[in-house]
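Heads up, the thing below is written out as structure tokens.
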Amino acid sequence: MANGKKAGSQKTAARVTKAEGLELYRIMKQIRVFEEASASQYMRGRIRGFLHLYIGEEAIAAGAIPLLAKQDYITTHYRDHGHALARGMSPNAAMAELFGRATGSSKGKGGSMHLIDANIGMMGGYAIVGGQLPLGVGLALANNYKGNDSIVLTFLGDGALSEGEFHEAMNLAAIWKLPIIFFCENNLYGMGAPVSEVFAVKDIYKIAEPYGIPSLQVDGMDVLAVRDAMRDVVRHVRQGNGPYFVEALAYRFRGHSMADPNEYRNKAEEEFWKQRDPITSFRAYLVNELGVAEADIDALDQEVDAEIEAAVKFAEESPEPDLSELHTDITA
Amino acid sequence: MPVITYREAVTQALTEALDSDERVFIMGEDVGGYGGSYAVTKGMLAKYGPKRIRETPIAESVFVGAGAGAAMAGLKPVVEIMTINFSILAMDQIVNHAAKVRYMSGGQLSSGVIMRTVTGGGAGLAATHSQSLEPWYAHVPGIWVVTPATPYDALGLLREAFTKDDPVLFSEHALIYRLRGEVPEEHYTVPFGQAAISRRGSDVTLVAYSRMVHVALDAAQMLANQGVEAEVIDLRTLRPLDMETVFQSVRKTNRVAVVEEAWRTGGFAAEIASQIQEACFDYLDGPVARIGGEDVPQPYAINLERATIPDAKKVVNELAKVIGLKVTA
């Protein structure tokens, strides 16, 4: 595969079946509604700490993650709800974790930034920028060492590009030809800092070139573009050809976290990106290109609303962790 | 009983693990053709091949983190961090990740990576290559911190490390690799959290770890020449910490000093001293003495360097000064 190419420029016919399209839509919608419910519960004081919403970036998780096989691993950053849900974490367990309840994915010990479900290879949510990259490399090394064909999908934000750990991880993955995809979700801002001001490489996907890692850039607001690009990337990495770097251009519609007054972005820019809402546009695609009935999508919307409403109720009604849990899950 | 060096003890434990468990591999800077900066992995590349003896770039964060990640996937990596000074470059992976993953996953994941490293000063390497940073790591819940002082313990404790599912910081002291000692031929392990009584005595307790155990033993000999019998306790592991053995000794001797190479201010001796006064206040005939490294970056000049690291003379002098023992160095 060519190095540093831009993907998604050529449209292919019948890129997904109706059923596949509806499933991609469902994943994006589930993430969106989950995040809106999280924001609302945060405002009511039921979710503590930092809450980083994935709203606007759903096409990435939905486009990329379902292409993984069951035994593959994911490591990611603190904006991790979308990744966990797309991988199949139950909304109940995820919401209960955000509420800090005993029924949460980590029994309420991890919180929003550390969503982990070992049973589905969701190896975490890590909240130190760049920290998930060496761990992802290690998981890929384990696959390589065991001689299986499992791969690792490791997400990073544009902010992590400047971390030393990113460059160390790219280098080690490259020299050892490890089965890992470095997936950069470039939402243009590292917290409040525009990536163009704080990172010297202008075309981010080209950062992979000196490492000899093939790379591409894709429209992160277009679920099919992400899916099309990732299908090839996943195959390439699974075949033992070494790591791959993907940059998806995207935009978060909310602030960095719920604590962010969001004063550093101008309204015109926000409006531009909101016009490209990945869910609205894919809904139109489903109807216009795939002939899905509006009523079917409405039904799906209602299903997702009910599911997330139930997740909030589940979290509300779940007990806090018992105080005896304070000293469990620690041996050293 | 066979007599082996401290270095050979570490090598032996690694070799046994490589031979008996396919999940075990070693990675780090110069562990391959060079044979390890302190020659611990000499010959291993030829014997086990590059899959299991993995030469890494000079990139502590990623090779330690990769060890942590591979351990999360069920492997048993041993990472060699050339010296504990360089572990600072991997601090994020050690403290924020390896140490946390079991707890913050609610017990779903664990990372039993073994991080071998080399500690201590006294080799003329000056400020950045002479530190004793074990107390930093012992401060962090979630990491085992192991500080062997003898070949027996180096072998027994490293064998034990391979049985753990959480990260182990295994700290070898640079100046005692050639130290010789007896090890039994039959298999044994040394459990974590069990201090050793290295010398029995009834007049004063000296608590130490790593190379300072030998300094304490030298001091005990000087004291014995003056009719004072010191009991020397080797902590062997800082986390977990066996304070019960220390308390029992203090209740008998009523006097105690803690000897370490780490800086005195905020050092691990402060933790030991604090626990002793909480548990043994009524048994103490004097203050708990802390004898640690001088609060300076380690200097290069040999006379200055020697003055920064506790030696037997300094231990005896401090016992006289702080506890009021009638002894002289």
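Within the same chain, aspartates and glutamates fewer than 8 places from A:LYS107 are excluded, and of the rest, those with a Cα less than 18 Å from its Cα are A:ASP80, A:GLU97, A:ASP117, A:GLU316, A:GLU317, A:GLU320, A:ASP322, A:GLU325, A:ASP329.
The trypsin sites (Lys or Arg not before Pro) of the range B:113-182 meeting both criteria, a DSSP state outside H, G, I, E and B (loop) and at most 11 other C-beta atoms within 10 angstrom of the site's C-beta, are B:ARG178. Computed from the alpha carbon atoms alone, the convex hull of the range B:238-329 holds 99 Å³ per residue.
Once chain B is represented by equal point scatterers at the alpha-carbon sites, with solvent omitted, what log10 I(q)/I(0) does the Debye formula produce at q = 0.13, 0.15 Å⁻¹? The computed values of log10 I(q)/I(0) come out as -0.94, -1.21.
Return one number: the angle in degrees, 0 to 90 and rounded to the nearest 10, between the long axis of the Cα atoms of helix B:268-280 and the longest principal axis of the Cα atoms of chain B. It works out to around 50 degrees. The aspartates and glutamates within cross-link reach of B:LYS47, meaning a Cα-to-Cα straight distance under 12 Å and a gap of 8 or more places when in the same chain, are B:ASP19.
Remark: spin-label model distance B:GLU229-B:ALA279 equals 2.3 nm, labels positioned 7 Å along the Cα→Cβ axis.
Taken about its Cα centre, the protein assembly as shown carries a charge dipole of roughly 1020 debye when the Cβ of each Lys and Arg holds +1 and the Cβ of each Asp and Glu holds -1. Taking 12 Å as the cut-off, the amide N atoms of the range B:95-134 that come nearer than this to a point 7 Å along the Cα-to-beta-carbon line of B:TYR300 belong to B:124-128. Against the longest alpha carbon principal axis of chain B, how many degrees, from 0 to 90 and to the nearest 10, is the axis of helix B:6-20 turned? For helix B:6-20, the angle is close to 40 degrees. Panel order for B:SER61, B:SER37, by other beta carbons found within 10 Å of each beta carbon, from fewest to most: B:SER37, B:SER61.
One chain, two ends: B:ALA320 and B:ARG251. Fully extended at 0.36 nm per residue, the span grows by 22.9 nm beyond their Cα-Cα distance. Extent along the principal axes, Cα only, for the range B:215-286: 33, 28, 21 Å, with the longest axis given first. Backbone N atoms of the range A:288-332 closer than 20 Å to the 7 Å Cα→Cβ label point of A:ARG46 belong to residues A:302-322. Sparsely packed loop sites in the range B:260-329 (the trypsin sites (Lys or Arg not before Pro) outside DSSP H, G, I, E and B with at most 13 other Cβ atoms within 10 Å) comprise B:LYS326.
What FRET efficiency comes out for the pair B:GLU185/B:ASN96, r = Cβ-Cβ distance, R0 = 60 Å, nearest 0.05? The calculated FRET efficiency here is 0.90.
With unit charges on the beta carbons (Lys and Arg positive, Asp and Glu negative) and the dipole taken about the Cα centre of the range B:3-182, which residue among B:GLN108, B:TRP136, B:ALA73 sits farthest to the positive side? Positive-end residue among those listed: B:ALA73. A Förster radius of 45 Å combined with the Cβ-Cβ distance from B:THR265 to A:GLN275 puts the calculated FRET efficiency at roughly 0.15.
Restricting the chymotrypsin sites (Phe, Trp or Tyr not before Pro) of the range A:236-296 to loop positions (DSSP other than H, G, I, E, B) with no more than 15 neighbouring Cβ atoms within 10 Å leaves A:TYR264. Cross-link reach is defined here as a Cα-Cα straight distance under 30 Å, omitting same-chain residues fewer than 8 places apart; for B:LYS252 the lysines meeting it are B:LYS313, B:LYS314, B:LYS321, B:LYS326.
When the listed pairs A:LYS70/A:LYS146; A:LYS29/A:LYS267; A:LYS109/B:LYS51 are checked against a 26 Å cut-off, the alpha-carbon distance exceeds it for A:LYS109/B:LYS51.
Shown for chain A are the DSSP H helices of 27 Å or more along their axis, judged by Cα atoms, with a mean Kyte-Doolittle hydropathy of at least -0.5: A:18-43, A:294-317. Spin-label pair A:ASN241-A:LYS70: with each label point 7 Å from Cα along the Cα-Cβ axis, the two points sit 2.7 nm from one another.
Helix B:60-72 and the longest principal axis of the Cα set of chain B meet at an angle near 70°. Name the residue from A:ALA160, A:THR17, A:ILE279 whose Cα lies farthest towards the positive end of the charge dipole of the protein assembly as shown, charges +1 on Cβ of Lys and Arg and -1 on Cβ of Asp and Glu. Comparing the listed Cα positions along the dipole, A:ALA160 ranks first. Between B:ALA329 and B:TYR34, what's the calculated FRET efficiency when r is the beta-carbon distance and R0 is 51 Å? Round to 0.05. FRET efficiency, B:ALA329 to B:TYR34: 0.80.
FYI, it's all coordinate maths here, none of it is from the lab. The model shown is predicted, which means the values in this text are computed figures rather than measured ones. Positions of Cβ are generated from backbone atoms using ideal geometry, with glycine treated the same way; all protein chains shown enter the neighbour counts.
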